[in-house]
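Let me begin by presenting the structure, written as structure tokens, before commenting on it.
The values are calculated or read from the model by the stated rules, or taken from the named source; none is laboratory data. The shown structure was predicted, so the numbers you read here are calculated from the model rather than taken from an experiment. Note that each Cβ is placed from the backbone with ideal geometry, even for glycine, and that neighbours are counted across all protein chains shown.
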Amino acid sequence: MDAFYASVEQRDNPELRGKPVVVGGGSNRGVVAAASYEVREFGVRSAMPMREALRRCPDLVRVAPRMSRYKKVSAEIFEVFREFTPLVEGLSLDEAFLDVTSSQTLHGTGIDIARCIKQTINERTGLTASVGVAENKLVAKIASDLNKPDGLAVVTADNCHEQLDPLPVSVIPGIGKQTLSRLHKVGIRTVADLRLAHDRDIEPIFGRYSRRTRDRAAGIDSRPVMPSREEKSISAEETFEQDLVDRGDMDSELLALSETTAQRLRKAELHAGTVHIKIRQADFQTFTRQKRLQPPINSTDQIYHTARSLLGTWLSSNPDAKVRLLGVGGSKLSPAEQRDLFADEQGSTDNPLDQAVDNIRDRFGKLSVSRARTLERP
């Protein structure tokens, strides 16, 4: 989808149409979740710090995220996908792979299906989508970004090199800023440069993944579309208006994040076998710490105590840290009903406090009840 969150906001509120809109947190320490095409002309992009976005476009219009609204619209869009094929692999609320190999007898060629999907989405939601048509997931993903917004790009086996070779090497998934810098130092700037690169140049960068990376540059990808992707982790994080330096403040934020993560686990009827935390300092250095647990858990107190212990261990090595962001998550997920019946009750979902809080919030909203320790200090 094209600038999905921002496009939904502009559709729902006509006053925002044609204006430089960003969807993001309410503080200047947050990040841009989505940027309309009007604001992208100023160089504003998703994941950019809000402070930088405001510097580039002082007149931008900031809208608070409405995740429940985006999820509802996303469900409408995915219903369109499934009218053409059951093989739909969702990557996020606004992006998916579709395998239409077996749908062509009924719906026409891949290009016909792409056009019909775009038209149907627009008719039902008023939003535009950009589609890439190719013989595998990797190339289709790259193609979907070639003609945004409202684009349709087709890459065939015959014209794959012609289409991909001139593109910047950063279009290959998995190549981040640090890797890109190392590639530039050895003269690799385009997909063609990577495809034709000598082993001595790329092996120090990609190691045992060198061959796979060269295959990607050649448009080779054998991964199937997986329609039943299991959620790998559930987490919550927060960027703070002011850097945290007091341990008590950190613990309060950690408790609120633990509560959110635990509630999401319980709602999904899952337990987490690993609790992890994310810490970002004022200088943007980011650290993660994790701990395996047996049995798996989804109670607020247990997740919080584990997260607090992990933070304490990290702080012992970083005593003067100024913390910009904290996150708490659970991974190694398993269905709640599979918990060991002979294990102790520490991972139980039968905690009366958790159940009561979940019920109240389900009925009256997240802000209807809070733990006192998570409230802002006077």
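With the structure loaded, tell me whether V186 is surrounded by 10 or more Cβ atoms within 10 Å (Cβ to Cβ), over 30 Å from R266 (Cβ atoms) and either assigned by TED's automatic domain parsing to the domain that holds L257 or touching a strand residue (DSSP E or B) at 6+ places or on another chain (Cβ under 8 Å) (or both) or whether it fails that test.
Spelling it out, it is not the case that V186 is surrounded by 10 or more Cβ atoms within 10 Å (Cβ to Cβ), over 30 Å from R266 (Cβ atoms) and either assigned by TED's automatic domain parsing to the domain that holds L257 or touching a strand residue (DSSP E or B) at 6+ places or on another chain (Cβ under 8 Å) (or both).
Looking at (1) of a type outside the set (D, E, K, R); (2) crowded, with 17+ Cβ neighbours inside 10 Å; (3) part of a helix (DSSP H, G or I), can you tell me which one L180 breaks?
(2)
Among the residues in the range 11-24, are any surrounded by fewer than 19 Cβ atoms within 10 Å (Cβ to Cβ), in contact with a Ser or Thr (Cβ under 7 Å, 6 or more places away or on another chain) and not assigned by TED's automatic domain parsing to the domain that holds F284?
No, there is no match, as no residue in the range 11-24 is surrounded by fewer than 19 Cβ atoms within 10 Å (Cβ to Cβ), in contact with a Ser or Thr (Cβ under 7 Å, 6 or more places away or on another chain) and not assigned by TED's automatic domain parsing to the domain that holds F284.
In contact with a helix residue (DSSP H, G or I) (Cβ under 7 Å, 6 or more places away or on another chain), crowded, with 16+ Cβ neighbours inside 10 Å and under 28 Å from S36 (Cβ atoms), is that true of G126?
Numbers: in contact with a helix residue (DSSP H, G or I) (Cβ under 7 Å, 6 or more places away or on another chain): yes; crowded, with 16+ Cβ neighbours inside 10 Å: no; under 28 Å from S36 (Cβ atoms): yes.
Judged against the criteria, G126 is not a match.
Is it true that T120 is in a helix (DSSP H, G or I) and out of contact with any Leu (no Cβ under 8 Å at 6 or more places or on another chain)?
yes
What about L326, is it closer than 18 Å to S370 by Cβ and buried (at least 20 other Cβ atoms within 10 Å of the Cβ)?
Answer is yes for this residue.
Taking A96 and the conditions (1) among the hydrophobic types (A, V, I, L, M, F, W, C); (2) under 17 Å from A140 (Cβ atoms); (3) not assigned by TED's automatic domain parsing to the domain that holds G126, which numbered condition does it fall short on, given that it satisfies the others?
(3)
Against the definition (outside any loop (DSSP other than H, G, I, E, B), over 21 Å from the mean Cα position of the chain (by Cα), at pLDDT below 95 and not aromatic (F, W, Y)), how does R208 come out, yes or no? Steps first, answer last, please.
Details: outside any loop (DSSP other than H, G, I, E, B): yes; over 21 Å from the mean Cα position of the chain (by Cα): yes; at pLDDT below 95: yes; not aromatic (F, W, Y): yes.
Considered against the rule, which asks whether it is outside any loop (DSSP other than H, G, I, E, B), over 21 Å from the mean Cα position of the chain (by Cα), at pLDDT below 95 and not aromatic (F, W, Y), R208 comes out as yes.
The conditions are (1) part of a helix (DSSP H, G or I); (2) surrounded by fewer than 20 Cβ atoms within 10 Å (Cβ to Cβ), and A47 fails exactly one of them. Which is it?
Among (1) part of a helix (DSSP H, G or I); (2) surrounded by fewer than 20 Cβ atoms within 10 Å (Cβ to Cβ), the lone unmet condition for A47 is (1).
Here are some residues: T300, T313, T286. Which one is touching a helix residue (DSSP H, G or I) at 6+ places or on another chain (Cβ under 6 Å) and of a type in the set (S, T, Y)?
Every option except T300 fails the conditions.
What number of residues in the range 134-160 are under 23 Å from S7 (Cα atoms) and not in a loop (DSSP other than H, G, I, E, B)? Spell out how you get there, then give the answer.
Filtering the range 134-160 down to residues under 23 Å from S7 (Cα atoms) leaves 140-153.
Within this subset, residues satisfying the condition of being not in a loop (DSSP other than H, G, I, E, B) are 140-144, 152-153.
Residues that pass the stated criteria total 7.
Do you know which of the residues in the range 183-202 that are part of a helix (DSSP H, G or I) and among the basic types (K, R) is farthest from the chain's Cα centre (by Cα)?
My answer is R200.
Give just the number: which of (1) assigned by TED's automatic domain parsing to the domain that holds D145; (2) assigned to a helix (DSSP H, G or I); (3) surrounded by 18 or more Cβ atoms within 10 Å (Cβ to Cβ) does E76 not satisfy?
Of everything listed in (1) assigned by TED's automatic domain parsing to the domain that holds D145; (2) assigned to a helix (DSSP H, G or I); (3) surrounded by 18 or more Cβ atoms within 10 Å (Cβ to Cβ), E76 misses just condition (3).
Got a number for residues in the range 289-298 being among the β-branched types (V, I, T) and either surrounded by fewer than 16 Cβ atoms within 10 Å (Cβ to Cβ) or part of a helix (DSSP H, G or I) (or both)?
0
Is there a residue being touching a residue at least 40 places away in the same chain (Cβ under 8 Å) and under 29 Å from G365 (Cβ atoms) anywhere in the range 47-61? Show your work before the answer.
Start the filter on the range 47-61 by keeping residues that are touching a residue at least 40 places away in the same chain (Cβ under 8 Å), which leaves 60-61.
Subsequent filtering for residues that are under 29 Å from G365 (Cβ atoms) retains 60-61.
For the range 47-61, residues touching a residue at least 40 places away in the same chain (Cβ under 8 Å) and under 29 Å from G365 (Cβ atoms): present.
Do you know which residues across the range 213-259 are outside any helix (DSSP H, G or I), hydroxyl-bearing (S, T, Y) and either surrounded by 18 or more Cβ atoms within 10 Å (Cβ to Cβ) or in contact (Cβ under 8 Å) with a residue 40 or more places away in the chain (or both)? If you could, list the steps in order and put the result at the bottom.
As a first pass, look at the range 213-259 and keep what is outside any helix (DSSP H, G or I): 218-246.
In the following step, the residues that additionally are hydroxyl-bearing (S, T, Y) were identified as 222, 228, 233, 235, 239.
Hits for the range 213-259 are S222, S233, S235, T239.
For residues that are outside any loop (DSSP other than H, G, I, E, B) and touching a strand residue (DSSP E or B) at 6+ places or on another chain (Cβ under 6 Å), scanning just the range 83-110, find the one that is surrounded by the most Cβ atoms within 10 Å (Cβ to Cβ). Show your work before the answer.
From the range 83-110, those outside any loop (DSSP other than H, G, I, E, B) are 88-92, 95-98, 101-107, 110; that's our starting set.
After this cut, where a residue has to be touching a strand residue (DSSP E or B) at 6+ places or on another chain (Cβ under 6 Å) as well, the list is 88-90, 96-98, 110.
On the way: V88: 19, E89: 18, G90: 16, A96: 18, F97: 22, L98: 24, G110: 20.
The qualifying residue surrounded by the most Cβ atoms within 10 Å (Cβ to Cβ) is L98.
What is the residue count in the range 299-322 for residues that are assigned to a loop (DSSP other than H, G, I, E, B) and either of a type in the set (D, E) or under 22 Å from the mean Cα position of the chain (by Cα) (or both)?
Of the residues in that region, 1 qualify.
For N136, work out the one condition from (1) free of Cβ contacts under 8 Å to residues at least 40 places away in the same chain; (2) out of contact with any helix residue (DSSP H, G or I) (no Cβ under 9 Å at 6 or more places or on another chain) it doesn't fulfil.
(1)
Which one of P49, P58, P166 is within 30 Å of A282 (Cα to Cα) and either at pLDDT 95 or above or more than 24 Å from the chain's Cα centre (by Cα) (or both)?
Among P49, P58, P166, only P58 is within 30 Å of A282 (Cα to Cα) and either at pLDDT 95 or above or more than 24 Å from the chain's Cα centre (by Cα) (or both).
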